[in-house]
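Asker: Below is the structure I would like to discuss, written out as structure tokens.
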Amino acid sequence: MRVAEKQMKQLIVIFCVVFFGISLKGIEAKPPKLNEEYLVIDGKQAESKRKVVVIEFFSYACVHCYYFEPALEQWLRKTSSNMEFRRVPAIFADRMIPLAKLYYTLEEMEKLDVFHNLVFQKIHDEKVKIYSKKAIMKWAKDEPELDYSSFVEVFDSFSVGKKTREAKQLTRKYKIPGTPYVTVGGKFLTGPSLIFESNQQNDAQGNTARLFEVIEELIVMIKK
């Protein structure tokens, strides 16, 4: 009985590790497949002298980003990689600027912990189209946890404008093809769509696990 219980616990641990893409110690991951599971992009380390910078390019308007978020957050809590993680709102066209400014406004106001997932839910669950500045301002005014006058001031601030311009430049520099995508060290690009196309398997859990495995391996490759 004890042996069976021990085996069951081991299976549960292994399942959890695989589901969230965290490799067990002592198990060597498969090398990522170049031009299939990842691409070489710029070849330059993003700004950080001490750690490898991992960036998720996302959009609040992207339903795939919304579905990807829980697994990403779980991986961030569990990973032991020595890296610096950032989010960058991808900007492919000027119509995406208001949502990017919304993200950076919440960041400046230190409200992302409260509102990051709520914005996703507002758009994709409640079907509220807060895509324009006018719609965003109406939403912010109705949120009791936001100081509306401060929100307006920060939204129109030089700092948020600067970050938004940099996000647009970075989206172009790394030739981000869509969302969500992840860059590693400013040199490698990967994402759920690349993993799904490479593996050609209708296995969401397995593909998500493989994505985080690839990211972990790319971090190691940057450090070599």
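Asker: Report the calculated FRET efficiency for ASN82 and SER149 (r = Cβ-Cβ distance, R0 = 45 Å), to the nearest 0.05.
Answerer: Efficiency at R0 = 45 Å is approximately 0.65.
Asker: Region 135-186: which GluC sites (Glu not before Pro) are DSSP loop and have at most 13 other beta-carbon atoms within 10 angstrom?
Answerer: Listed in order of number, the matching sites are GLU145.
Asker: How much of the accessible area of region 41-184, in percent, comes from carbon and sulfur atoms when a 1.4 Å probe is used?
Answerer: Answer for region 41-184: carbon and sulfur cover 48 percent of the accessible area.
Asker: Continuing with the same structure: Pull out the extension gain between ARG95 and VAL220, defined as 0.36 nm times the separation in residues minus the alpha carbon to alpha carbon distance; nm, one decimal.
Answerer: 41.3 nm
Asker: Rg(Cα) of region 141-202 divided by 2.2 N^0.38 Å?
Answerer: Relative to the rule-of-thumb radius for its length, region 141-202 sits at 1.67.
Asker: Rounded to the nearest 0.05, what FRET efficiency is calculated for ASP125 and GLN205 with R0 set to 25 Å and r the Cβ-Cβ distance?
Answerer: 0.65
Asker: With the cut-off at 23 Å, tell me which of the pairs LYS163/LYS224; LYS134/LYS162; LYS134/LYS168; LYS78/LYS173 have Cα atoms farther apart than that.
Answerer: Beyond 23 Å: LYS163/LYS224; LYS78/LYS173.
Asker: Residues in region 142-179, backbone N under 14 Å from the label point at LEU118 (7 Å along the Cα-to-beta-carbon vector): list them, ranges by number please.
Answerer: Within reach of a label on LEU118: 142-148, 151.
Asker: Give me the one-decimal nm value for the distance between modelled label points at LYS162 and ASP142, 7 Å along each residue's Cα-to-Cβ direction.
Answerer: Calculated label separation equals 3.4 nm.
The values are calculated or read from the model by the stated rules, or taken from the named source; none is laboratory data. As the structure is a prediction and not an experimental result, all values here were calculated from the model. Quick reminder, even Gly has a Cβ in these numbers, built from the backbone with ideal geometry, and neighbours come from all protein chains shown. Each accessible area value is taken on the protein alone, full model and side chains, heavy atoms only, with ligands, DNA and RNA left out. Shrake-Rupley method; radii C 1.70, N 1.55, O 1.52, S 1.80 Å.
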